[in-house]
Structure formats: C-alpha cells, structure tokens
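Just so it is clear, none of the values below were taken in a lab; they were calculated from the coordinates. This is a predicted model, so every value here is computed, not measured. Please note: Cβ atoms are built from the backbone with ideal geometry, for glycine as well, and neighbour counts cover all protein chains shown.
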Amino acid sequence: MFNSTLDVGRESLFKRQPSPTHMRSSPRCNILAILLTVLMLTCLAQPTAELSDESEPSDAGRQSSVEAACEGLTFEDMFNYTHATFDIQMNDDWESAYVQAVAWINGTLADQVRLDLEGLFAETGLPGGGNGWLSSDEYQAIDSIAAECVTQTNPRIGFRGGPPHRGGDGVNWYNATWENTDETPLTVQEWNLMPMNHIDERSCQQGSPNSDCVEIPNIPLSPGRDCDTTINDPDECRIIVWLNGTFVFEGMTLGGAASYDEFTLAMNTSNMTNADLAATYPAVDGLRVGMFEECDGRAIDAENNDNQGTAPVPGTCTSDGTVSHESRLVSIDGETRLRVETHVEYDMSIWPTGQDMFFDMTTEPPEIDDPPVWTAAAPEEGNIMPIADDGVVHFLSTSQMGAWATDDQGSPLISCTGAQGWSMSSDADGLSADAPAGIDSTTVTCLATDSASQSTGERNYTLQVPMRVSGTANGGTATVTMTPTAGMPSMNAVVTLVQEDAQTSSDAVTVDSETVVSIDLSAMSPGPFMVRISADGNGMADFSHTYDLGMSKASSPPSISIVNYEWIGENYEITGQFSDPDGDPVTISATISDGTSNSYAWGTIQTSGNQWMATGSGIPGAEANSIVLTACDNWNQCSSQAHEAGATPGGDDDDDTVTPPSGESDDEEEGLAVAGFVIAIIALVFVVIIAIVAMVVMRRK
C-alpha cells in the first residue's frame, strides 16, 4: 500500500507541466517541495506496519508448499524406522479412528531420516535446506510444519463394508485420510532429531538471523563413530518419533445402512518392516476375523501407491508369510471388544513389489466353536496374583490372558469378580485394581470367556500386595528396600533403575524378609529415575511393576579451563575447553569488572565441540579487567573460572567499549533516535520557511 501511494505521487509530479502561474509562485512551490521531502523522509524513517506485514510469507503460501511436498507420502517415507508400533482405536461412529504411533530409529537409519527431512524442508520452498547439514533454524521450521506434512500423507489403510473382496479396477482401498482440526489435532513429537552433543556440530555457515544457530551434518563426518545405545550421552544414532492423530474414512455402509456384521480392513504394508499394529473395534457381539490374507506381488506405483493391479479372488493370494496376526478379547468401559494385533515384516530389497493384507471381519458363527480352556501356564486354584500398592495398577495383562487361556477363535477374555473395596476395572491392557491402604490381600474369582460367551470353569485366587517398597539416592548409589507382606512365599527378585535412555539392574536376590539392594548410579543420567521390580516364587504368578519412588540422580557441575589469552588492540580474546561428567549440554557466560564490586555481562562466546572462545573489549582506561567465566549444565549446576586480564591497552577512543546496561532497551533507543531525527528535520523546515518568508517580505519592500 505504501509503495503504490508513493509511486502515484511521483507520477503526478513528473508529468505535471508548469504554468506561468506556477512559475510566479516559486517560493510557494519550494515550500511544497520541502514539505513533500520531509513527508517522504519521515515515511522512510518509520516503515509502515503494512510494509512489514507484506514482507512475511503468508500462511496460505506455506500451507500450499507443504501440501505439494508431502502429499502422497507415507509415514515410512518420512521416518524410515527400526521398529514402530501403531495402536488404532476405532471410534464408535465407525467413521473415524484414533491412532497412537511410536517409531524408534537407530543406526544409519537416523542419518537417512535427517537427509529425508532436510530434503523435504527444501521442497517446501522455505529458506535453507539441501546443503547436507541440518541447522537449528531448519529444525525449528521442520517442527512447525511436521503436523501439516503428516496430514497430507497417505495412511494406506481402508475399510469397506459388505462381502469380502480384494479391490481391483475402480476400487481404491486406501480411503482413510488424516484429520487435523481444533477438535481433533494431529501432533508429532520427536526426541534427538537434533542431538545436542553431536561431535561435528558447528556454527551455521550460510548465514542466519539467529546468532546461536548451529548445524550438524546429516551423515557424520568424524570417522569411527560408535552407535552405542547404552551410553548416557545420546549420540546421533537414535531418534524417537511420536504421532497422535485421527483419520477418517468412508465405505463402512452399503445402501445407506451400516454394515458392521461383515466388512474388510485392508492395508498396504509395502516398505513397513518390524512394525506392530493393533486395531481395537467397537463392541459388536460375536465379531471375529473370518479370514486373514497376505497378498504379495502387486505392482506398486512408487509415486502414490495407487496402482491396484488385478484383484485376486479371496483365498487365492500368494505370500511369503511375513505378516502374522492374533486376535484377543478386551474389556473397555465394561464392554467386550475385539482387538486384532498384527506384526509386519517386509524385505526392502524387493521394492517396489507390493505387500497387502486383508482382514475379512464377520459376526457369523464359525462352523466349529469350542469353548476356551485354561492352559498349564495359568495359576492353579488358590494361587497368589500379586499386585503393587501404587494406586490403580494392572494385576493381569492381556499377554498373561493369552498365555493363561486359549480358544480356537483367539485369546479369550479373562474377567474376575470379588475384591470388595479394591476398585477393580479393565481396559485394553488388562485388569486393574487399587489396593486399599493397609490391606494386603483379598479373594477373587476368575474365568475366561470367548466371543460366543462360552467360558472355562471358575478359579479362585488371592489378590495380594507382595511387598512394600521404599528407596533413597545418595551420592552415586541408589538403595531400595523390599519388605514382603504376610503369607508371601520366598521370592527371587531383580531391581532395575529405569530412565528413558538408560537402565541398570541389580543381581537377583532372595526376598523372604526385609531386603536392601544397592545399585551404582554411574550408568544413569542426572535426573529422576523409576524403580522396576520383577519377582517370582512358588504358588504365585510372576510379578513386575515399575514404581515412582521420587528418586533422582544429582548432576555434577561441568568443568571449564583456560588455554590461551591475549590482547588484540583494546579487545581481549580467551580460548579454552569445557566438559560435563554427565554428558549434559553446557552453557558458558562471562562477566567483567575493574576490580570493584560492579560487574556486568561481557564478550561474545562461541563453542565448537568441547572448545570455547570469548572475545570482548576491555574497560576503557581501566588498570584491571577481572573476567569470570561460568559454565552451567541444564540442571543449573555451575562452575566458574576467574581470570585477570590486566590493564586495558590504548586510549578511550575505542568504538567497541564495554558499557554497563542503561536500563533502556534497543527498541527504545532506536525509537528515540528516529524521533530525534524527525524533530531535527521539522525544525530545519521551520527555519527554511522563516527564511523564505523573510526573503519575500524584503522583496516587497
């Protein structure tokens, strides 16, 4: 808006032809020209908000570029993982599902993810990218567009109501799309995509508006890298990605009527390897897997996976058997639901040969349906089912259910009654209860039931808290005390300290009275950790629970040393090294004083690897320059190194002098400077006007 208005003014001035009247009024014209000049200078000194806004890229432009770069990709195209889990919870409306995914990316696959993301970032048209280095600026931009990008990707999954079929001409199975709204936001989070301790980290080389911009090579430059997943200080070899979101789909209805009694779930699993998928369906009586089929060999269009090829007849597919599944019944909010768990492998060397899987779901009873039975792994009548006294916790997991009872239609549901006052409940992960304070045990009655409501005989168990647990952490040692409750058999127990990226365990100990276990904390990172106790014994089910005992490892402060220092004119330069015994990121700052009690921030500090350099001016004319360098980790543990630089060389005319903070912000100072400039121009105009008026008066005389 500002530029167009200015151009119109210029055009009128340049095209206007002077008339005799205009020529006779030259003083008036001169005044007008001066006023216009002042107006132009004022506008240039204070850019309008409209101009600033126009200089920013629009959200619509960014969204369209992200859509173009990400449309048709898959999650695996963005994050080629070592292992991933996908938990799909079908909503009761049968038109959407909530997905929780976690992907672990290890070794050279982490390099490939950084390469792919930087290339994807470059394709969006935003500045940076494509130079083989991932910068902190690019990282922040990738973080801001990740959810938008995933929204455009293809979930490669579809749901179709009606009799089983395998797609073909005119049928695109992949009818699910991601949704990202205020009501159903899609979120993507990561850990260690931009590692803080990369050995090849350097300052950004291509210019950045951020002075603290750093970058790392997508593929490490330093030889002999060691992708050690047990070290405390995470290296570039490990990334974790979390995805939570909702996808919506159509196709579960035929002729306008819902078709939940017979439908097919299909998914293209090409280039998915070491992936576990779990799909939990709404409550439908008798719902089961009528037929499962892996179909290999379809020709895939690598651009969009949209080439369906010739549809095979159900039951005639050929496969290499790399997709396996099992079904189980779970109880959620008091409703019995079917959960189908699938493990997928894919040989990447055969790409682009396709791999698809089909689940034909039905409520039609099987021709033969035997009732469930207890297995030899199930606890005997009267045995103990241990439970932790740690709030509402699981005492029977779905994996235990699958091991304790079997059925020809999948794992049956084990349910228990009794336990008055223990607040028993169930969910997709198993059975839970909350042990009342001061109560050690109760009696429960359990049985296993299949989808046709057939059940095993009942078994009575003792639900019991096996031990009371406490712990402390002092110095470099954690101490855990286990005290068994009355009636528990002698137990073999192992104590494990657990953090997100580290864990360490004790040797097995016998617990038949109060038992104390001490564990060295050297393998743990500073910060809180959990305590997992695993125990077994005669007459009891296996016990494993992770306790939060409020224990934490204290951080050790970093060290900082000075190697070289010198005056360069009236500027002082110091270099040195730093390290942190816990591998935490380190921040370095400096202050300066003239030997008095007054001190203030000093210098510019740069770091590379474990090296640092500080550069700043001395105090003008000072006989002493006392510099204190401080290194702090992210737990606010700090150490300092004092250094005497001596007198400042030279005179007081150095432009780069140290000035204590004035209390005024840079914006305020800039505003005052602009205001002073404008006032000076206006004053000059008034002087010129007065001079011209005086000249006119003199001529008239």
- Task: Please order 399, 597, 331 by the number of other Cβ within 10 Å, starting at the fewest.
- Result: 597, 399, 331
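Based only on other Cβ atoms within 10 Å, what is the fewest-to-most ordering of 547, 260?
Fewest to most other Cβ atoms nearby, the residues stand as 260, 547.
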- Note on the structure: The convex hull of the Cα atoms of region 318-401, divided by residue count, gives a volume in Å³ per residue of 222
- Query: Alpha carbon centre of region 314-388 versus region 170-221: separation in Å?
  - Reply: 35
- Normalised per residue, the volume of the convex hull around the Cα set of region 529-639 (Å³): 129
- Query: To the nearest whole percent, what portion of all C-alpha pairs in region 61-362 is separated by more than 30 angstrom?
  - Reply: 37
- Lys, Arg +1 and Asp, Glu -1 on Cβ, resulting dipole of region 559-644 about Cα centre, debye, nearest 20: 60
- Task: Using only the Cα atoms of region 373-463, build the gyration tensor, take square roots of its eigenvalues as a ≥ b ≥ c, and label the shape rounded, prolate or oblate: rounded if a/c is under 1.5, else prolate if a/b is larger than b/c, else oblate.
- Result: prolate
- Under a point-charge model restricted to the Cβ atoms of Lys and Arg (+1) and Asp and Glu (-1), what is the dipole moment magnitude of region 373-463 relative to its Cα centre, in debye to the nearest 20? 100
- Query: Under unit Cβ charges (Lys, Arg +1; Asp, Glu -1), what dipole magnitude, rounded to 20 debye, does region 473-572 have relative to its Cα centre?
  - Reply: 160
- All other residues with a Cβ under 11 Å from the Cβ of residue 320 taken together, and with Lys, Arg as +1 and Asp, Glu as -1, what is their net charge? -4
- Can you tell me which of 429-439, 153-163 comes out highest on packing, and rank the rest after it, using the mean Cβ neighbours within 10 Å? 153-163, 429-439
